[in-house]
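The structure appears right after this line, and notes come after that.
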Amino acid sequence: MTRPLFIVFEGIDGCGKSTQLQFLSAYLQKRGRKVATTAEPTDSVTGKMLRAALSGKDPRTAAEMAALFTLDRIHHNKAEDGIEKRLKDGFDVISDRYYYSSLAYQGSLTDYDWVRRMNVDCPEIRTPDICIFLDISPAAALARIGKRGEQREIYEKEETLTLFRATFMRVFDTLTDNVAIINAEGTPEEVAARIAAAVEPLLN
Ligand code: TYD
């Protein structure tokens, strides 16, 4: 058994991350691994501030959002009860979103290099073993969001998602992180098989 892995799911809103995260969690458990799942924004006080901003209830500037997401991420990593603790206890950790979202979303709306440095240079924000980017067209993503019937969040518009998808690609070109870009269109099982194939080399 290899050491515990830190895996991150990313993609524009509506790409199907939550479903695929559950599939991968089950797949890893079947392989005899212990798995902990987590998400950003977290349930921290900062995470609650972020939710209020994302819903449009408490509007904030892109720079405020970038700073709050970074603070929430430092909290998320904590040795006492966060990502570091679970890895130390032998769990693979799978996170629904991480700093790639900050670089793509806030990096599109405020100074990209500032957002990148604040996250990538922070000694208390761990680099994942792999980032799985679920790639889907903004039109397909919005069709999925529409089906959920939930209140839309501030970023859930075609123009904005098109911009964020393009910035995600820039993020992956500029960082040296291990990133798997997965075609997220197809049945959930087809997409899950592509993800399992991308993670497989890390398990041996
Ligand atoms: P969430 O409800 O988790 O979105 P979804 O499940 O649809 O992916 O809300 C997260 C929202 O926050 C989403 O619009 C992306 C955004 N976000 C950022 O803008 N920056 C970040 O650093 C993170 C982690 C999320």
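Taken together, the values in this text are just the output of simple stated rules run on the coordinates, not laboratory data. Keep in mind that this is a model prediction, so the values were computed, not measured. Quick reminder, even Gly has a Cβ in these numbers, built from the backbone with ideal geometry, and neighbours come from all protein chains shown.
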Task: Long-range HN-HN contacts of Glu153 with modeled amide H, under 5 Å - done: none
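Take the alpha carbon atoms of the chain, find their radius of gyration, then divide it by 2.2 N^0.38 Å using N residues; give the quotient. Don't skip to the answer; put the middle values down first.
Numbers: Rg = 16.2 Å, N = 204, 2.2 N^0.38 = 16.6 Å.
Normalised Cα radius of gyration, the chain: 0.98.
What is the total of Lys pairs in the chain with C-alpha atoms under 14 Å apart, excluding same-chain pairs fewer than 8 positions apart? Please list the in-between numbers first.
Values: Lys34/Lys85; Lys34/Lys88; Lys48/Lys57; Lys78/Lys88.
Step by step, the pairs that qualify in the chain add up to 4.
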Open item on the list: Only Cα pairs within less than 10 Å get springs; with that Gaussian network setup on the chain, which residue of Leu28, Leu50, Leu103 has the largest fluctuation?
Closed with: Leu28
Task: 3J(HN,Hα) from dihedral phi, segment 18-25, Karplus parametrisation 6.51/-1.76/1.60, rounded to Hz, x for glycine, proline - done: 4, 4, 5, 4, 5, 4, 5, 4
Open item on the list: Based on alpha-carbon centroids, what's the gap between segment 1-35 and segment 125-181 in Å, whole number please?
Closed with: 17 Å
Open item on the list: If packing is taken as the average number of other Cβ atoms within 10 Å across a peptide's residues, how do 68-81, 153-166 rank, most packed first?
Closed with: 68-81, 153-166
TODO: Go through segment 154-166 residue by residue and turn each phi into a ³J(HN,Hα) via Karplus (6.51, -1.76, 1.60, θ = phi - 60°); whole Hz please, and just put x for glycine and proline.
DONE: 4, 8, 7, 10, 4, 4, 5, 5, 5, 4, 5, 4, 5
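Using helices alone, what [θ] at 222 nm do you get for the chain, with -39,500 (n - 2.57) per DSSP H run of 4 or more residues, divided over all residues and rounded to the nearest 500? Let's see the in-between values first.
Working: 8 runs with 99 residues, N = 204.
Value at 222 nm, helices only, nearest 500: -15000 deg cm²/dmol.
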